[in-house]
Amino acid sequence: MIDTEQFLSFLSEQGFSLATGVPCSYFKDTFVSLEKSKEINYIPATREDEAVGIICGYFLGGKNGFLILQNSGLATIGDALTSLAQLYKIPLLMFVSYRGLEPDADFPEHLVMGDVTEDVLEAYQIPYWILCEENWKNTMEQALKVMKDSSLPVCVLVKMGVLSQ
Amino acid sequence: MKGAEVIQKLNEYLTGEELIVSSNGNVSRQAYNFLPQPQVYLRGSMGLPVSIGLGLAISQPKKKVIVITGDGNFLMGLSSVTTVGFAKQNNLRILIIDNESYATTGCQETVSSALNYGEMVKGMGIESVMSIDLTKEKEMTSDLLDQFVNKEELQVLHIRVEIDDINLENIPWHPIEIKENFQNR
């Protein structure tokens, strides 16, 4: 597992000062660290598309934030991505839990979205990376470079055990 | 009174420093035509003007942020209003122009007429709420918009209006231009 305090410090150093989204248990430890963080403010959202709106508004005011959501939320944010973030070219970093893989065999509610998660991201034309404990900084630097160069949303998929025990 | 007339009236109380987020369709076209430019004019993302306004208000705490939204748009993003009640961002104001219809798409009915906006919004944790019906009263009291713009607290102003009889052209700026013009203001 990645040290979540180090992970958030890295994001803070990269200029992120706000987080919002809808929790997933895959991010449980990340949320504990977020609550402690003095550099990154967290606002709970009621829906994932609302969280996209908050981060886009925050960006229009000149600051950067990131999103945390479960992959179920990828189904909710379609219009927020296509007719806001992508249409206005707003850079958006999304951490999306990759539910519905082997560890979720007993959670049928995640299985269909687990099967189509990468297809959905490809259909939305959103570049994505799968975060691993090894070389996580490299992965993040690549994702952030693409986000900044394109001024568009990017997605970092997070499997079980990577950002929470 | 009609929605466009409320937006024109609002203009009399603005200093030009306010940051305004307007909902997609007629409301953003009216904001583009009748209020100081440039602002955040939404073309899509129905249901999100309140959350965009919240993010902007957190980002720019010294500026007043005014969200102008139609009733259909407001209702689609209703749960985002609860987040506003939670976040209690004092520099944020929400103006709901309520004509009880999806006017941009041909005046189909919304569910707005079932609601008591004052009680609903107060119940969401926003204490300063005003609700007036301008289909019955012809004029607004003069201090209503003044207070809405200038009082230093989180506010919601709900105004029931008649459906507009003007048709404005689409905003000529591409959304990327809308963003860039706003960033460079």
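The values are calculated or read from the model by the stated rules, or taken from the named source; none is laboratory data. Computed from a predicted structure; not experimentally measured. Positions of Cβ are generated from backbone atoms using ideal geometry, with glycine treated the same way; all protein chains shown enter the neighbour counts.
So B:Lys63 fits all but one of (1) farther than 20 Å from B:Trp173 by Cα; (2) within 13 Å of chain A (Cβ to nearest Cβ); (3) in contact with a Pro (Cβ under 7 Å, 6 or more places away or on another chain); what number is the exception?
All conditions pass for B:Lys63, except number (3).
So how many residues does the stretch A:84-117 have that are part of a helix (DSSP H, G or I) and in contact with a Leu (Cβ under 8 Å, 6 or more places away or on another chain)?
6
If only one of A:Ser33, A:Ser72, A:Ser9 is over 18 Å from A:Trp129 (Cβ atoms) and under 15 Å from the mean Cα position of the chain (by Cα), which one is it?
On inspection, the qualifying residue turns out to be A:Ser72.
Hey, A:Ser83 hits all of (1) within 14 Å of another protein chain (Cβ to nearest Cβ); (2) buried (at least 23 other Cβ atoms within 10 Å of the Cβ) but one; which does it fall short on?
Here A:Ser83 clears every test but (2).
Would you mention how many residues in the stretch B:33-48 are under 8 Å from B:Ser23 (Cα atoms) and in contact with a Phe, Trp or Tyr (Cβ under 8 Å, 6 or more places away or on another chain)?
Count: 1.
Is there a residue in the stretch B:141-163 that is within 21 Å of B:Pro49 (Cα to Cα), in contact with a helix residue (DSSP H, G or I) (Cβ under 9 Å, 6 or more places away or on another chain) and loosely packed, with under 15 Cβ neighbours inside 10 Å?
yes
Quick check on the stretch B:155-167. Is at least one of its residues closer than 28 Å to A:Val52 by Cα, among the polar types (S, T, N, Q), in a strand (DSSP E or B) and touching a Lys or Arg at 6+ places or on another chain (Cβ under 6 Å)?
Yes, some residue in the stretch B:155-167 is closer than 28 Å to A:Val52 by Cα, among the polar types (S, T, N, Q), in a strand (DSSP E or B) and touching a Lys or Arg at 6+ places or on another chain (Cβ under 6 Å).
Would you check if B:Gly106 is more than 9 Å from every other protein chain (Cβ to nearest Cβ) and at pLDDT 95 or above?
Spelling it out, it is not the case that B:Gly106 is more than 9 Å from every other protein chain (Cβ to nearest Cβ) and at pLDDT 95 or above.
From the list A:Ser25, A:Ser37, A:Ser9, pick out the single residue that is in contact (Cβ under 8 Å) with a residue 40 or more places away in the chain and farther than 21 Å from B:Gly85 by Cα.
From the options A:Ser25, A:Ser37, A:Ser9, the qualifying one is A:Ser25.
Listed residues A:Leu92, A:Leu84; which is touching a Pro at 6+ places or on another chain (Cβ under 6 Å) and on the phi < 0 side of the Ramachandran plot?
After applying the criteria, what remains is A:Leu92.
Would you mention how many residues in the stretch B:72-93 are under 15 Å from the mean Cα position of the chain (by Cα), more than 13 Å from chain A (Cβ to nearest Cβ) and touching a residue at least 60 places away in the same chain (Cβ under 8 Å)?
The qualifying residues number 1.
If you check every pair at least six apart or on different chains, which have Cβ atoms under 6 Å apart with a residue in the stretch B:38-57 that is within 7 Å of chain A (Cβ to nearest Cβ) first and a residue that is hydroxyl-bearing (Ser, Thr, Tyr) and surrounded by fewer than 24 Cβ atoms within 10 Å (Cβ to Cβ) second?
Partner pairs satisfying both residue conditions: B:Gly44/A:Ser83; B:Ser45/A:Ser83.
I need the full set of residues from the stretch B:1-10 which are in contact with a Phe, Trp or Tyr (Cβ under 6 Å, 6 or more places away or on another chain) and surrounded by 18 or more Cβ atoms within 10 Å (Cβ to Cβ), in order please.
Matches in the stretch B:1-10: B:Ile7 only.
Out of curiosity, is B:Leu168 of a type in the set (A, V, I, L, M), more than 16 Å from the chain's Cα centre (by Cα) and surrounded by fewer than 19 Cβ atoms within 10 Å (Cβ to Cβ)?
Judged against the criteria, B:Leu168 is a match.
Touching a residue at least 24 places away in the same chain (Cβ under 8 Å) and either small (Gly, Ala, Ser) or touching a strand residue (DSSP E or B) at 6+ places or on another chain (Cβ under 7 Å) (or both), is that true of A:Leu84?
On the way: touching a residue at least 24 places away in the same chain (Cβ under 8 Å): yes; either small (Gly, Ala, Ser) or touching a strand residue (DSSP E or B) at 6+ places or on another chain (Cβ under 7 Å) (or both): no.
Taking the combined requirement at face value, the residue does not satisfy it.
From the list B:Tyr13, B:Tyr32, which residue is away from chain A (no Cβ under 14 Å) and surrounded by fewer than 18 Cβ atoms within 10 Å (Cβ to Cβ)? Let's see the steps before the verdict.
On the way: B:Tyr32 fails: surrounded by fewer than 18 Cβ atoms within 10 Å (Cβ to Cβ).
Being away from chain A (no Cβ under 14 Å) and surrounded by fewer than 18 Cβ atoms within 10 Å (Cβ to Cβ) holds for just one of B:Tyr13, B:Tyr32, which is B:Tyr13.
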